[in-house]
Structures are given as C-alpha cells and as structure tokens.
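Working notes for the structure below.
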Amino acid sequence: MELRYPLVLAAGLIVLAAAIVYMLTHRRKPDGTGAVHSAMGWILEDNPVFRASLRKSRILRTAALAGIAGALICGLVLAARPFEKRTVNTRLKQRDIYLCMDVSYSLCDLNEDVIDQLEEIISGLKGDRLGISIFNTSTVLYVPLCDDYDFIRMRLEDLREYFSLQKQLREYEYKIWLTDAEYAQYEKLITQLDYYDAGTLVDNTERGSSLIGEGLGSALFSFPDIDDEERTRVIIMTTDNDERALSEPLVSLDEASEMAAEHDVTVFGIFPEKETYDSERLIVYDRNLNLFRSSVEKTGGIVYQVSSSWSPSRIISDIKNQPAMEAAQITDEYEEEIPQIPVMCMWGCLAVSAACEYLRRRGGL
C-alpha cells in the first residue's frame, strides 16, 4: 500500500502527537488549580471497592481516548489517499482472419471438411474478426470481416449446402443415360448451383477457372486498414493450385504472396490429399503443391497437405497454434485506491471509544 499524499499523514501525526503531549503535561493536579480536595481522601483510597472502580474508570477512559486517537489516525490515512499499484496481463484479441476458399468443384470434399472444423473453432475465437472469401474465376466477399459469429455460422451452413450440391452434381459425371426423375433432379441441381456460381464464374469462358493469384489478392485487400500493424492478419486458403487460366491473370500467385508478405499478412494453405486425384490430374499434383508451398512460405506461413493420417481438424488446430495466430499480450498497469481498510478501522475505533464511554457513564465512574 502506498499513499498519494504522505505529507498529509505526517503533518497530522505531528499535530496529534503534540496534542497528546500537551494533554499529558497539563493534567490537573491537587494544587488548587481545579482539583477536588477531600479531607478524608485517604479513607477512600484505602477502600478496595473505590480503588477497583477508579482503576476501571481509568482503563475505560484511556481506551475511549485511544479509540478517538485511532479514528483520527485512520482519518489522516484516508486524507492521504492510500492506493495500490496493480499489474494485469491480458491477451488482447486483435486477429483478423480470412478464410479464402477455392470453390472449384474438384475441391468440394476438402472444403466441406474444412467448414465442419471451422464451425467448432469459431466458438473459441471470441473477439477476433473472421471473414470468408470464395473464388473461382472471380471472387465473392462472402462474409465481410466481422465478429458476429451467429451470422458467420449461418453463412458457413450455406457454404456447406453449396459443397454438398457440388458433390451431388459430380455423381452425374459418369452417367450416360438419365431417367426422367434423375434428369429432373439434375436440372434442379443446376438451378441451385447457378445461384452460388453466379458471382464466382464471371467471364469464365474467356478467362478460365481457378485463378489462384486473383483469389488470394482479393482476400488480401478485403482487410480494412491493411497497414494497421496493431492487428494480426491471417489468411487460411484452401486450394489445389490447379489454375486453368485462358488469359493472363491480373495477379499471379507469386505476386499475391509477395504483396501479402509486404503487408505482414500470413497465409496458411490447406492442400487436398493425393489419393483424391485422378490419373490425369495426378501428373501435376506435386508441381502444384511445390509451387503453392514456395509462395505461401514467403509470407511466413505453412502449407498443410491433407492425408489419411492428417485430417482437416488437426490442420486447423495446428494453424491455430502457429505463432502468427497468437493474440497480442499486453500489460496494463494502473493505480487503485483502497480506502476500505482505513474506513473499517476508523469505524471500529469509534465503536470501541463509544462503548467504553458508555460503560464508564453507566457505571457512574
């Protein structure tokens, strides 16, 4: 405990001490200055009852005066304003996280698994802001950066439906003949998927599909105040890096990753497992993975490759434990006044003084 105005206490104690000394040195004496004389005083002094009463009276009076002195001292301590310096370590949630998803139909299984894991992890974010960006030929800002987790969960459910519809449509790839019921279901799927694909396949016949660099660049510049160094910014990107551009993309993957590094944005990649690739696409699997890994590592991030022994749940958990995902820790020092103890002591002293004086008067002492 410290005092904000210690001189107030020191000056008060000096005055109080001087008053006590004055009272002790100017006590009334039996010299005609106000003392009560008795010709037979020695008889009273020899009376045991009188001596006991006198002793009790002195004790009670001394205790009452001590109580008053203690209350005055407590009042002086209060006037000096006691306080304590406190240090509190808190974790300041200042993370902005974008989920950037390549919504090519070949990635529907991976994306659906990632959605499942994200819904569980959202409950642990509390204070962080999360956004979702989806892309194929073009990019859609599906969820702007926000901390409305109920809204985010609702949008994740919509994406789960999207990826489920993609999986259903892929079942028709190897069917040569459709019954009327199957064809009706097929048309219904196409109509539903057109709703989701409308924003991600803009000019795809001229520009191609899976424009990875543009997808990452769009997510990068969706961060508000991208140069704000007080916030940790992270992009979690799912893709197979199988770009099918029909013309020169506006931004390549390398260029987008370099821009992310310049703005201190860390990218974590989630790459599909090799077993899901057909023989035609398997030829470019390692090349696409290596190119994606080299670009992501420029930002300080890591590419996680899904496999039978490494599920999306473990990958998301590992990403969450990466240094780039750690919330900033701050130390807050402040001064807190603590008048409680002096106040309680003062009231205690006054109560003792009042009780002693009451007992003394009640006993006629």
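The values are calculated or read from the model by the stated rules, or taken from the named source; none is laboratory data. Computed from a prediction, not measured in an experiment: that's the story for all the values here. Counting neighbours? That spans all protein chains shown, and the Cβs are built from the backbone with ideal geometry, glycine included. Keep in mind that these areas ignore ligands, DNA and RNA; they rest on the heavy atoms of the full protein, side chains included. Shrake-Rupley method; radii C 1.70, N 1.55, O 1.52, S 1.80 Å.
Determine whether the stretch 265-287 contains at least one residue that is farther than 29 Å from Ile176 by Cα and in a loop (DSSP other than H, G, I, E, B). Checked the stretch 265-287: no residue is farther than 29 Å from Ile176 by Cα and in a loop (DSSP other than H, G, I, E, B). The single condition among (1) acidic (Asp, Glu); (2) in contact (Cβ under 8 Å) with a residue 60 or more places away in the chain; (3) open to solvent by less than 60 Å² (accessible area, probe 1.4 Å) that Asp203 does not meet is (3). Take the conditions in a strand (DSSP E or B), surrounded by fewer than 23 Cβ atoms within 10 Å (Cβ to Cβ), touching a residue at least 12 places away in the same chain (Cβ under 8 Å) and out of contact with any Leu (no Cβ under 6 Å at 6 or more places or on another chain) and apply them to Tyr304. Does it pass? Judged against the criteria, Tyr304 is a match.
Does Ala181 meet the test of being at pLDDT below 90 and either part of a helix (DSSP H, G or I) or exposed (fewer than 15 other Cβ atoms within 10 Å of the Cβ) (or both)? Yes; evaluated as a whole, the condition is true for this residue. The set of residues in the stretch 250-265 being within 10 Å of Leu220 (Cα to Cα) and in contact with a Ser or Thr (Cβ under 6 Å, 6 or more places away or on another chain) consists of Ser257, Ala260.
Taking Leu165, is it within 28 Å of the chain's Cα centre (by Cα) and under 14 Å from Tyr196 (Cα atoms)? Before the answer, list the steps.
Details: within 28 Å of the chain's Cα centre (by Cα): no; under 14 Å from Tyr196 (Cα atoms): yes.
Taking the combined requirement at face value, the residue does not satisfy it.
Residues of the stretch 193-226 that are within 37 Å of the chain's Cα centre (by Cα) and of a type in the set (A, V, I, L, M): Leu211, Ile212, Leu216, Ala219, Leu220, Ile226.
Report, by residue number, each residue of the stretch 242-275 that is among the aliphatic types (A, V, I, L, M), surrounded by 21 or more Cβ atoms within 10 Å (Cβ to Cβ) and either farther than 19 Å from Ser106 by Cβ or in contact with a strand residue (DSSP E or B) (Cβ under 9 Å, 6 or more places away or on another chain) (or both). Hits for the stretch 242-275 are Ala256, Ala260, Val265, Val267, Ile270.
Kindly establish whether Glu173 is surrounded by fewer than 17 Cβ atoms within 10 Å (Cβ to Cβ), acidic (Asp, Glu) and over 27 Å from Met237 (Cβ atoms). Walk me through how you get there before you give the answer.
Numbers: surrounded by fewer than 17 Cβ atoms within 10 Å (Cβ to Cβ): yes; acidic (Asp, Glu): yes; over 27 Å from Met237 (Cβ atoms): no.
The answer is no for Glu173.
Would you point out the residue of the stretch 39-91, among those that are polar (S, T, N, Q) and part of a helix (DSSP H, G or I), that is modelled with the highest pLDDT? That would be Thr62. Pairs please, first residue from the stretch 142-159 and open to solvent by less than 30 Å² (accessible area, probe 1.4 Å), second anywhere and of a type in the set (Val, Ile, Thr) and not in a helix (DSSP H, G or I), Cβ atoms under 6 Å, 6+ apart in sequence or on different chains. Final answer for the pair search is Tyr142/Ile132; Tyr142/Ile134; Val143/Ile132; Ile152/Val143.
Does Ile132 qualify as being assigned to a helix (DSSP H, G or I), under 22 Å from Phe268 (Cα atoms) and open to solvent by less than 10 Å² (accessible area, probe 1.4 Å)? Step through it out loud before you land on a result.
Values: assigned to a helix (DSSP H, G or I): no; under 22 Å from Phe268 (Cα atoms): yes; open to solvent by less than 10 Å² (accessible area, probe 1.4 Å): yes.
When the stated conditions are applied, Ile132 does not pass them.
Only residues that are of a type in the set (A, V, I, L, M, F, W, C) and either surrounded by 12 or more Cβ atoms within 10 Å (Cβ to Cβ) or under 25 Å from Leu159 (Cβ atoms) (or both): list them for the stretch 184-200, please. Steps first, please.
Applying the first criterion (of a type in the set (A, V, I, L, M, F, W, C)) to the stretch 184-200 yields 184, 189-190, 193, 198.
Across the stretch 184-200, the qualifying residues are Leu189, Ile190, Leu193, Ala198.
Annotation: Leu178 fulfils all but one of (1) in contact (Cβ under 8 Å) with a residue 12 or more places away in the chain; (2) touching a helix residue (DSSP H, G or I) at 6+ places or on another chain (Cβ under 8 Å); the unmet one is (1). Within the stretch 234-241, identify whether any single residue is among the hydroxyl-bearing types (Ser, Thr, Tyr), part of a loop (DSSP other than H, G, I, E, B) and open to solvent by less than 80 Å² (accessible area, probe 1.4 Å), and answer yes or no. Yes - at least one qualifying residue is present in the stretch 234-241.
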